[in-house]
1. Answer yes or no as to whether Pro112 is on the phi < 0 side of the Ramachandran plot, more than 19 Å from the chain's Cα centre (by Cα) and modelled with pLDDT under 95.
2. For segment 215-224, check the following and say yes or no: at least one residue is within 15 Å of the ligand (Cβ to nearest atom) and under 28 Å from Val17 (Cα atoms).
3. In segment 409-517, which helices (runs of 4 or more DSSP H) lie fully inside it and hold 1 or more residues that are out of contact with any helix residue (DSSP H, G or I) (no Cβ under 7 Å at 6 or more places or on another chain) and within 20 Å of Ile147 (Cα to Cα)?
4. Filter segment 442-474 down to residues that are of a type in the set (Val, Ile, Thr) and under 28 Å from Gly156 (Cβ atoms), then give me how many there are.
5. Which pairs have Cβ atoms under 9 Å, sit 6 or more apart or on different chains, and link a residue in segment 407-419 that is of a type in the set (Lys, Arg) to one that is part of a loop (DSSP other than H, G, I, E, B)?
6. So Gly14 ticks every box in (1) outside any helix (DSSP H, G or I); (2) surrounded by 15 or more Cβ atoms within 10 Å (Cβ to Cβ); (3) touching a residue at least 60 places away in the same chain (Cβ under 8 Å) but one. Which box is left unticked?
7. Please go through segment 288-309 and give me each residue that is in contact with a His (Cβ under 9 Å, 6 or more places away or on another chain) and either assigned to a strand (DSSP E or B) or not small (Gly, Ala, Ser) (or both), ordered by number.
8. Those residues that are surrounded by 18 or more Cβ atoms within 10 Å (Cβ to Cβ) and more than 15 Å from Asp238 (Cβ to Cβ), I need them from segment 395-433; list them, please.
Amino acid sequence: MTDTVIEVRNPATGEQVGTVPLTSPDAVADAVRALREHQPAWEALGPQGRKHWLLKLQDWLIDNTEALADTLQSESAKPRVDALIDPAFAVDLTGYYARRAASFLADDHPSPHSPLARVKKLTVAYRPYPVVGVITPWNFPLAMPVIDVIPALAAGAAVILKPSEVTPLSAVHLARGWAEIGAPPVFTVVTGAGETGAAVVEQADYIQFTGSTATGRRIAERCAQRLVPYSLELGGKDPAIVLADADLDRAAHGIAFGGMFNAGQVCISVERVYVEAPVYDEFVTKLTDAVAALRLGRDGQVAAHDVGALANENQAAIVQRHVDEAVAAGARVTTGGKRTGEGTFFEPTVLVDVDHSMSCIREETFGPTLPVMKVADAEEAIALANDSIYGLSASVWTGDKAAGERVARRLNAGAVNINDVFANLFSFAMPMGGWGQSGIGARWGGAAGLRKYCRPQAITKPMVPTMTKEVLWFPYDMSKVTFSLGAMRAAGARGLRRIDVPSLLRLRRNATGQSTS
Ligand code: ADP
């Protein structure tokens, strides 16, 4: 990296695959100023007008899928299949929010809380924050930006995106697509590292961040000082609970996928497994077989591998430390356990004889390891699963789906999938958010996914002819005031307290000129 340019490298080979500018804080401020100029026209287009551009982008995503996958692979060394998932996911999400935005953003007309309020027509309008700042990590270089950029654009906001400095090329490719379709200039990508991200936090009106808990906390502190809202999706240490009545083959294959997809570099990847004692040995054998069968290596345009390289040396070092510390404390590796070949490849790894004192169980690994613990029963599994600072998502594997749901409702996690992994990630109608140190707020959740980028505006409008003065306006008239306050009390209170006897007496005394003492 020089002062002005970031060199992007393929982690499998170390080869330089591109460069992007290191955007200065001043340039970020200029970019946000330009977005502010164009945002009102974008908002004025309304959801139907914006749908036109979002569906054009969707067409572009489909037509450019192979090229996008090439870019993505160049900077991440993902297997071809993984690289193809990002554009497909982007197409699905863009269609959903483009088509539903009009109904999700429609004005609300809540029914008045009291008969007295029926003289007004009540309207809640959803008005976007002018500029939304989206800051993303490196694990899904296209899908992570799209996940939040599209809903914010659909809501009528302009968006400034700061992708990870490790994988900025896919985001730049996406911005090229937005320009190519001729869409209004309300989406800008600024490349750079933490300083550029911090400049976005300094300028935008809403911050949507995905990344580490440490950076999320710093962003939250700055947003609190600026009094701008934010939503954070942070780390995770997702547990999987395997009950004795589970389909062990499905559980083993599902957990192998959940733990090893994208080499475990997924915020919602399975990071620890609790298995009921009667099926523990059988499950460990099946999981070890499933993980040992995974093909580790570098794909070209032909899909030949299941698991690719880790994003960088830093990640490889964390994974190795977690494995080494566990083994030093008595854990056993049933498959994998070490780096292999050139680049940052780490063998898909299963660890047994682990416990809650170990870093592989307590800290986010974000790599291809599956530590497995034997538990006496579901109670112990629930207690251990909840013994974490994180609460992003979890899975429960069982032959009794009702029992699985009962376990789910006792887990401290923003999402629980029964007999599956990641299923909630493909359900945009549901909120995706972390509990505890896994985040604040949520993305998606149907209408909520757009309304979060909006400020609700309450508008009242008279429904009956208006008088020169309302009853409560100046100058105060005690009899009128008593009447209207009494009406409020009658509408809101219960039983005899509906009738304000002291006020009525005071009113009578005032009317007859008696002292009130
Ligand atoms: P990871 O290493 O998992 O990507 P980080 O939290 O370090 O997690 O980075 C996530 C994103 O946050 C990246 O785009 C990074 O450049 C950005 N970032 C890092 N530090 C800051 C900061 N102080 N303010 C805003 N964004 C930041």
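1. On the way: on the phi < 0 side of the Ramachandran plot: yes; more than 19 Å from the chain's Cα centre (by Cα): yes; modelled with pLDDT under 95: yes.
Yes.
2. Checking segment 215-224: at least one residue is within 15 Å of the ligand (Cβ to nearest atom) and under 28 Å from Val17 (Cα atoms).
3. 448-451
4. Applying the first criterion (of a type in the set (Val, Ile, Thr)) to segment 442-474 yields 459-460, 464, 466, 468, 471.
Next, from what is left, pick out any that are under 28 Å from Gly156 (Cβ atoms): 459-460.
Residues meeting the conditions: 2.
5. Within 9 Å, the pairs are Arg410/Asn386.
6. Checking Gly14 against (1) outside any helix (DSSP H, G or I); (2) surrounded by 15 or more Cβ atoms within 10 Å (Cβ to Cβ); (3) touching a residue at least 60 places away in the same chain (Cβ under 8 Å), the one that fails is (2).
7. Listed by number, the residues that qualify are Leu294, Arg295, Leu296, Arg298, Asp299.
8. Correct list: Thr398, Gly404, Phe428, Met430, Pro431.
The values are calculated or read from the model by the stated rules, or taken from the named source; none is laboratory data. Since the structure is predicted, the reported quantities are computational estimates derived from the model, not experimental observations. Backbone-built Cβ (ideal geometry, glycine too); neighbour counts: all protein chains shown.
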